[in-house]
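First comes the structure, then the notes that go with it.
Laboratory data are not the source of any read-out in this text; all were calculated from the coordinates shown. Just so we're clear, the structure is a prediction, and the values are computed from it rather than from any experiment. Ideal geometry is used to build each Cβ from the backbone, glycine not excepted, and the neighbour counts take in all protein chains shown.
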Ligand SMILES: *Cc1c(COP(=O)(O)O)cnc(C)c1O
């Protein structure tokens, strides 16, 4: 049951933030989680996110967690709570431009590539340095912290190394408040490695 699964996760992560990943889940499944009192949900596709935003209760805080194309930024800026997946400086620039048009400040995380898979997105540590040194160029964006996805690996040691690497970058970044790492498979490792926000889908809805 959804409420029991959420309870089990919270017993491990305590007061740290849980984002329930609702991609591919029906409105009824999401409402089951909503009815436990949960309000933070994550989606990885813009079209699906917009449909759910329109149909589901308006007090849901929507998180964009998947790769975001620049031409789709305009559709989500008016309502998005946090964009986790800022994986290029060009994308950050686009988010800043559209946010200015919408007269709002958009909360973002910088996604850092820590996994080995080619298919995974994210910036390098040196890209992040460039951003940190040019914050004044993005006045309509608030960078709250970092996000990363570990390699889908059976090696706990490898996952831990990747999370430790990101935690080190996080700890060296004054002003950042959010370190978002950990999914169903690896959230317990992420928790030990300093994560304070988790994106969990399949474990919640299993
Ligand atoms: C799907 C997804 C998750 C959640 O994965 P689960 O294994 O279902 O917990 C987390 N983060 C991102 C970026 C995702 O796309």
Query raised in the report: Mean shadow of the chain, computed from the convex hull of its alpha carbons, in nm²?
Result: 11.0 nm²
Report summary line: So residue 4 and residue 79, fully extended at 0.36 nm per residue minus their Cα-Cα distance, gain in nm 24.0 nm
Query raised in the report: Which whole-number percentage describes the relative contact order of region 1-140, with Cα contacts under 8 Å and a sequence gap of 6 or more?
Result: 16 percent
Query raised in the report: Radius of gyration and Dmax for region 88-201's Cα atoms, expressed in Å?
Result: 14.5, 46
Report task. Would you look at the GNM of the chain, springs on alpha carbons closer than 10 Å, and say which of 79, 140, 121 moves the most? Result -> 79
Query raised in the report: Between residue 36 and residue 172, what length in nm is gained on full extension when 0.36 nm per residue of separation is reduced by their alpha carbon distance?
Result: 45.3 nm
Query raised in the report: Rounded to the nearest 0.05, what FRET efficiency is calculated for residue 47 and residue 101 with R0 set to 22 Å and r the Cβ-Cβ distance?
Result: 0.55
Query raised in the report: By how many nm would the segment from residue 11 to residue 93 lengthen if fully extended, with 0.36 nm per residue of separation less the alpha-carbon distance?
Result: 25.7 nm
Query raised in the report: Highest mean first, what order results for 126-134, 97-105 on Cβ atoms within 10 Å?
Result: 97-105, 126-134
